[in-house]
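Here is the structure we will look at, set down as structure tokens.
The values are calculated or read from the model by the stated rules, or taken from the named source; none is laboratory data. The shown structure was predicted, so the numbers you read here are calculated from the model rather than taken from an experiment. Here the Cβ positions follow ideal geometry from the backbone for every residue, glycine too, while neighbour counts run over all protein chains shown. Only protein heavy atoms, including side chains, enter the accessible area calculation; ligands, DNA and RNA are left aside. Shrake-Rupley method; radii C 1.70, N 1.55, O 1.52, S 1.80 Å.
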Amino acid sequence: MTSDELFSALSAIVGTENVHNWTQDDTDRVGVENWPTAPVIIVAPGIPEEAADVVRLAESLNTGIVPAGALNQLYTGYAPNRPTLVLSSRRLNRILDHQPDDLTVTCESGVTLSQVSAALASSRQTLAMDGPLPETSTLGGLVAAATAGLRRSAYGAPRDTVIGLKAVITGGNSVKGGGKVVKNVAGYDVCKLFTGCYGALGFLTEITFRVRPIPETTRTVSWALRDTALAARAALAVHHSGIRPVVSANLVEPDRSELVLSFEGSEKRTAWQIEEVSSFLRKFGVDDSLQELGSEAITALHDRIAIDAARSSIAIRVSVLPTDLPELVIAISKLSINSVVSDASTGTLSAAFAAASISDQLDIRRNIEAVLPQESYSIWTKTGTLSDEACPKSAMGEDAGGRSLRRSLQQSIDPSSTFSPGRSGL
Ligand SMILES: Cc1cc2nc3c(=O)[nH]c(=O)nc-3n(C[C@H](O)[C@H](O)[C@H](O)COP(=O)(O)OP(=O)(O)OC[C@H]3O[C@@H](n4cnc5c(N)ncnc54)[C@H](O)[C@@H]3O)c2cc1C
């Protein structure tokens, strides 16, 4: 089939206005210059049945499918290993059901984080999940990438908040997991299987989340510090103290560090916690230069991670034991960074590096590998993972058996490797 014939066949399913040939501009905008074969076409179904027809057509032509939301971070991970089309959730953008009393909301996968936040706000509720670029990031993309924002230690990761989902898989078949009530899982937990699948098992069409009430008060405070080591160690010390911030983040830029803590609860309780933490930090050697930040400060930190990753030639995300985090932050900050954002309560670190030439990039990769502690998990870079061959210490948190189990699971659900072929590097 020629590309014109493919365009016509897809147009017959979703309408001509919802099919676009992939252009060099798309490649540059999305940042997938390193993909040896650019996607052929981008197609946006309006209902799950259309997505199923697209899957059947693609499979009949032996074309792979890369599911996508806003394409904000499609560049992360390995390149597809054969020709693909991009299956976009852009038109699956309806909020289907909100049950304030049951604390659940059901959305199509192309609904954005801002869209659902606005809809829930009238009931003083919110999604217990956050991530970067809320105006565009889709719920499907966030769940598929298992994006755990900086409030993770307080509210959990997507696998804790997703209670039901629907997806279109190989053959155009639909699969459903969980449901619309909080306690409904019997047998294998399909929701957890698809959460963090990076588009490798199927195309998510609908997701049900647990929601939570908006707290009475949220206050975010920060301390600007010149000493990176002091900031990183202070963040861990707060984590080990009895004080319980919902966000405990440390932003490092080439010449400064900032410790950012966020507290939620009643007005009285948040005020008391801020007093406690200020006096704790003073004793720890952090002088009293506390600054009150606006409500958008945490979203800005999430955005910072995504924007710096997109601009940098090397970006990584590493999870380590929280006790190993300060030394890793200190070591990584000595490399040529754009920014490092770390979360003391979960031991995660996202860093973006300034490296113009290929040899600089190789140096940075080598230096990163040299400073990673023995127990490092879920390490990814813009162009794949710092896994086995590249980084013997990482092993992505699993042994060889774990990898082969994942591979056989993926093969049994998607035997012809239709979805995101080659992208998981298995
Ligand atoms: C590997 C990875 C790890 C990330 N980790 C973090 C993090 O720790 N912290 C943070 O703040 N941000 C993180 N992000 C960024 C954040 O998840 C993205 O910004 C978010 O995915 C944006 O949504 P999007 O709609 O632009 O998704 P896209 O960029 O379009 O897609 C992201 C991924 O999800 C898949 N996908 C998208 N839609 C669907 C769908 N409907 N069905 C199935 N698969 C789908 C894609 O194939 C791709 O693998 C990560 C992103 C990736 C790809």
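Which condition from (1) assigned to a helix (DSSP H, G or I); (2) surrounded by fewer than 17 Cβ atoms within 10 Å (Cβ to Cβ) is the one that E292 breaks?
Single failed check for E292: (1).
Taking the criterion of being farther than 25 Å from D303 by Cβ, open to solvent by 20 Å² or more (accessible area, probe 1.4 Å) and not in a helix (DSSP H, G or I), would at least one residue in the range 316-331 satisfy it?
Looking through the range 316-331, at least one residue is farther than 25 Å from D303 by Cβ, open to solvent by 20 Å² or more (accessible area, probe 1.4 Å) and not in a helix (DSSP H, G or I).
Could you tell me how many of the residues in the range 193-244 are closer than 19 Å to T348 by Cβ and either of a type in the set (D, E) or within 16 Å of the ligand (Cβ to nearest atom) (or both)?
Count: 3.
Mind checking which residues of the range 83-121 are in contact with a Pro (Cβ under 9 Å, 6 or more places away or on another chain) and in a strand (DSSP E or B)?
T84, L85, V86, L87, S88, E108, T112
Scan the range 312-350 for residues that are within 12 Å of the ligand (Cβ to nearest atom) and among the acidic types (D, E) and report the count.
Matching residues across the range 312-350 total 1.
Please find, within the range 363-372, the residue that is least open to solvent (accessible area, probe 1.4 Å) out of those that are of a type outside the set (D, E, K, R) and more than 13 Å from S336 (Cβ to Cβ).
If we take residues in the range 363-372 being of a type outside the set (D, E, K, R) and more than 13 Å from S336 (Cβ to Cβ), then L372 is least open to solvent (accessible area, probe 1.4 Å).
Of all residues in the range 405-426 being at pLDDT 90 or above and outside any helix (DSSP H, G or I), which is nearest to the ligand (Cβ to nearest atom)?
S420
For the range 384-404, does any single residue satisfy the condition of being within 13 Å of the ligand (Cβ to nearest atom), at pLDDT 70 or above and not assigned by TED's automatic domain parsing to the domain that holds R366?
No, the range 384-404 contains no residue that is within 13 Å of the ligand (Cβ to nearest atom), at pLDDT 70 or above and not assigned by TED's automatic domain parsing to the domain that holds R366.
Filter the range 332-345 down to the residues that are open to solvent by 30 Å² or more (accessible area, probe 1.4 Å) and touching a residue at least 24 places away in the same chain (Cβ under 8 Å), then identify the one that is nearest to A148 (Cα to Cα).
Among residues in the range 332-345 that are open to solvent by 30 Å² or more (accessible area, probe 1.4 Å) and touching a residue at least 24 places away in the same chain (Cβ under 8 Å), the one nearest to A148 (Cα to Cα) is N338.
Could you pull out the residue among D287, D308 that is in contact with a strand residue (DSSP E or B) (Cβ under 9 Å, 6 or more places away or on another chain), open to solvent by less than 40 Å² (accessible area, probe 1.4 Å) and acidic (D, E)? Steps first, answer last, please.
Working: D287 fails: open to solvent by less than 40 Å² (accessible area, probe 1.4 Å).
Exactly one of D287, D308 is in contact with a strand residue (DSSP E or B) (Cβ under 9 Å, 6 or more places away or on another chain), open to solvent by less than 40 Å² (accessible area, probe 1.4 Å) and acidic (D, E), namely D308.
Residues in the range 40-63 that are under 18 Å from S417 (Cα atoms) and within 11 Å of the ligand (Cβ to nearest atom): how many?
Quick first cut of the range 40-63, residues under 18 Å from S417 (Cα atoms) only: 40, 51-63.
From the residues that got through so far, the ones that are within 11 Å of the ligand (Cβ to nearest atom) too are 51.
Selection size over the range 40-63: 1.
Take D130 and tell me if it is in a loop (DSSP other than H, G, I, E, B), outside the structural domain of G46 (by TED's automatic domain parsing) and either β-branched (V, I, T) or free of Cβ contacts under 8 Å to residues at least 12 places away in the same chain (or both).
Values: in a loop (DSSP other than H, G, I, E, B): yes; outside the structural domain of G46 (by TED's automatic domain parsing): yes; either β-branched (V, I, T) or free of Cβ contacts under 8 Å to residues at least 12 places away in the same chain (or both): no.
It is false that D130 is in a loop (DSSP other than H, G, I, E, B), outside the structural domain of G46 (by TED's automatic domain parsing) and either β-branched (V, I, T) or free of Cβ contacts under 8 Å to residues at least 12 places away in the same chain (or both).
Mind checking which residues of the range 149-176 are within 12 Å of the ligand (Cβ to nearest atom), aliphatic (A, V, I, L, M) and open to solvent by less than 20 Å² (accessible area, probe 1.4 Å)?
The answer is L150, A157, L165, A167, V168.
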